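Below: the structure, in structure tokens.
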Amino acid sequence: MKTMLCFVTLSLAVLACSGQSLTPNQRIGAFAGLPSAATPGPPSRDHGPFRDLYRKVGSNYYDLRPLYSWWTNWIAPWPARGRGQSVGGAPAAKKPLNPMPVWYGFGLEHEVIQVLRDGLLVSEVHGNGNLDDPFFVTNYPGFKSLVDNQKIEFLALRTGSYRYTDTLGAIKTVPFYDYGIPVSITELNAALHPSPSPEQRAASAQAQAEKNRALLAPALKYYQGLADQGDAFGQFRMGEFYRDGDAVPKDLSKAKEYFTKAAAQGNQAAAVALERLNAAGP
């Protein structure tokens, strides 16, 4: 007789070891990740796999918070919402679409068919107790502690096909699902929003400078014309252009030259700008 081992990874271990099916509320609680009045169940989920909101599958990173929010706020309590029926003449609520439909497993119970060296062979359990066609799941937390016929739940992403040898020696090919490797929010953010390289920052700055030049070209032409005619304000504005590198390459010598001309004509703003440039040094 095969000895059944308690499954410590899930909080539903007692039910799993006894061979009992999970009740709807217990299954909702497991997927919600946290117990609540709407989802009664065991009090602690802190060490269960359903708290893995951030995962890495292959070289790709995934933030599953939208999916968990969709399940917790809409799908799990859907029966209590009247399943979209009109209440008191108000428009019927529409069930929102799954925001991440490629992730499989929410609300489904599975039975372990065989524990393999690199993962699990499992089957979905239907409401009548019948099992669906088996498939393979890798990276399920603590999978080596599971036993045949144990009931589990999970979220996984299909990534291909898997070949294995069954207990009778036959080679089988089944769908391959990956639970993913849990990662921290820091690693996830670094992967999804990487800091730009020095080359990328330089290219971005160059592109922005070219955009600014194009936008300021009409103003540059206008004030250059005024400055050429000896207008003090035009000279002051040309000094600003060269001081800040707007529309023209930055040139402090030319900036001082224009500020000096404008200040000599009584432009106080030019005099202040010139004094600050001189105080800053060459």
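The values are calculated or read from the model by the stated rules, or taken from the named source; none is laboratory data. Because the structure is a prediction, the values reported are computed rather than measured. With ideal geometry, Cβ positions are generated from the backbone for all residues, glycine too; neighbour counts draw on all protein chains shown.
What are the residues in the range 187-242 that are small (Gly, Ala, Ser), surrounded by 10 or more Cβ atoms within 10 Å (Cβ to Cβ) and not in a helix (DSSP H, G or I), if any? The one that is small (Gly, Ala, Ser), surrounded by 10 or more Cβ atoms within 10 Å (Cβ to Cβ) and not in a helix (DSSP H, G or I): Gly230.
Only residues that are outside any loop (DSSP other than H, G, I, E, B), under 26 Å from the mean Cα position of the chain (by Cα) and of a type in the set (Ser, Thr, Tyr) were counted across the range 170-184, and they come to 1. Filtering the range 148-171 down to residues that are at pLDDT 90 or above and over 20 Å from Gly105 (Cβ atoms), which residue is surrounded by the most Cβ atoms within 10 Å (Cβ to Cβ)? Among those that are at pLDDT 90 or above and over 20 Å from Gly105 (Cβ atoms), it is Arg163.
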